[in-house]
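Right, one structure below, let's go through it.
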Amino acid sequence: MAMKLKEISYEQHEYLHRPKVCKGTLLTLIYDIPYFPSCGVFPPLHILNQVFSRGGSPGGMGPGATWKPFTLSEEEYDVLVREVKTTPLSEIKTPARYAFLSLKFDPSFDHIEGLMEWSDAVCHKHRDEWHAELRRAGFLK
């Protein structure tokens, strides 16, 4: 029997509003974290675990998302990757605030260990394309 996508409780934060408690899958969570992913690229397991182990951020004057810190096993990560690649965004658009563009994969950066270094390298390569996609979708001018 195939492993199912992990369920999680987390909070959505919006400036000047009480946090909203949400329950969903990891797929919902990743599309509900502001500014995730870096320039539209889905991270490798060791980078994703750095994100998840921090527990998110309430965002301050902008939106945020928080959760109890956790990490994924390789098997859980593989299930999440499969869902990222196969689930239509229309299926998660209502619960997840940022499900408007599909994520892409670029394993050429998987060797980078640190989250900030990985993000910088990914965005150096993919930023212009990501911003063009956001403009086409009406999210950037």
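Only the coordinates and a few stated rules stand behind these numbers; no lab work does. Keep in mind the model is a prediction, meaning the values are calculated, not measured. Here Cβ is always computed from backbone atoms with ideal geometry, including for glycine, and neighbour counts include all displayed protein chains.
Restricting region 82-108 to residues that are among the aliphatic types (A, V, I, L, M) and not in a loop (DSSP other than H, G, I, E, B), the residue that is nearest to Glu133 (Cα to Cα) is Leu89. The sole residue among Asp106, Asp128, Asp110 that is touching a Pro at 6+ places or on another chain (Cβ under 6 Å) and either surrounded by 16 or more Cβ atoms within 10 Å (Cβ to Cβ) or farther than 16 Å from Ile30 by Cβ (or both) is Asp110. The condition of being among the acidic types (Asp, Glu) and in contact (Cβ under 8 Å) with a residue 24 or more places away in the chain holds for only one of Glu91, Glu76, Glu117, that being Glu76.
Report yes if Leu5 is under 16 Å from Arg82 (Cβ atoms), among the aliphatic types (A, V, I, L, M), within 15 Å of the chain's Cα centre (by Cα) and part of a loop (DSSP other than H, G, I, E, B), otherwise no. Criteria met by Leu5. Taken as a whole, the structure places Gly60 among residues that are more than 14 Å from the chain's Cα centre (by Cα), in a loop (DSSP other than H, G, I, E, B) and closer than 20 Å to Glu14 by Cα.
With respect to the conditions (1) of a type in the set (Gly, Ala, Ser); (2) under 14 Å from the mean Cα position of the chain (by Cα); (3) farther than 15 Å from Tyr35 by Cα, Ala132 falls short on a single one, namely (2).
Scoring His111 on the criteria (1) within 15 Å of the chain's Cα centre (by Cα); (2) not in a helix (DSSP H, G or I) leaves a single failure, condition (1). Please enumerate the residues belonging to region 79-88 that are free of Cβ contacts under 8 Å to residues at least 60 places away in the same chain and surrounded by 13 or more Cβ atoms within 10 Å (Cβ to Cβ). Val81, Arg82, Val84 - these are the residues of region 79-88 that are free of Cβ contacts under 8 Å to residues at least 60 places away in the same chain and surrounded by 13 or more Cβ atoms within 10 Å (Cβ to Cβ). For Val79, are the conditions met, namely being assigned to a helix (DSSP H, G or I), more than 13 Å from the chain's Cα centre (by Cα) and β-branched (Val, Ile, Thr)? Yes: the conditions hold for Val79.
Conditions (1) among the small types (Gly, Ala, Ser); (2) within 12 Å of Ile33 (Cβ to Cβ), marked per residue:
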{"position": "Phe52", "(1), (2)": "no, yes"}
{"position": "Gly60", "(1), (2)": "yes, no"}
{"position": "Phe70", "(1), (2)": "no, no"}
{"position": "Asp78", "(1), (2)": "no, no"}
{"position": "Val81", "(1), (2)": "no, no"}
{"position": "Val84", "(1), (2)": "no, no"}
{"position": "Thr87", "(1), (2)": "no, no"}
{"position": "Ile92", "(1), (2)": "no, no"}
{"position": "Ala96", "(1), (2)": "yes, yes"}
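Applying a threshold of 7 Å to beta carbon distances and a minimum spacing of six or more residues, or different chains, the list of pairs starting in region 41-65 at a residue that is within 14 Å of Glu76 (Cα to Cα) and ending at one that is surrounded by fewer than 15 Cβ atoms within 10 Å (Cβ to Cβ) and hydrophobic (A, V, I, L, M, F, W, C) reads Phe52/Phe70.
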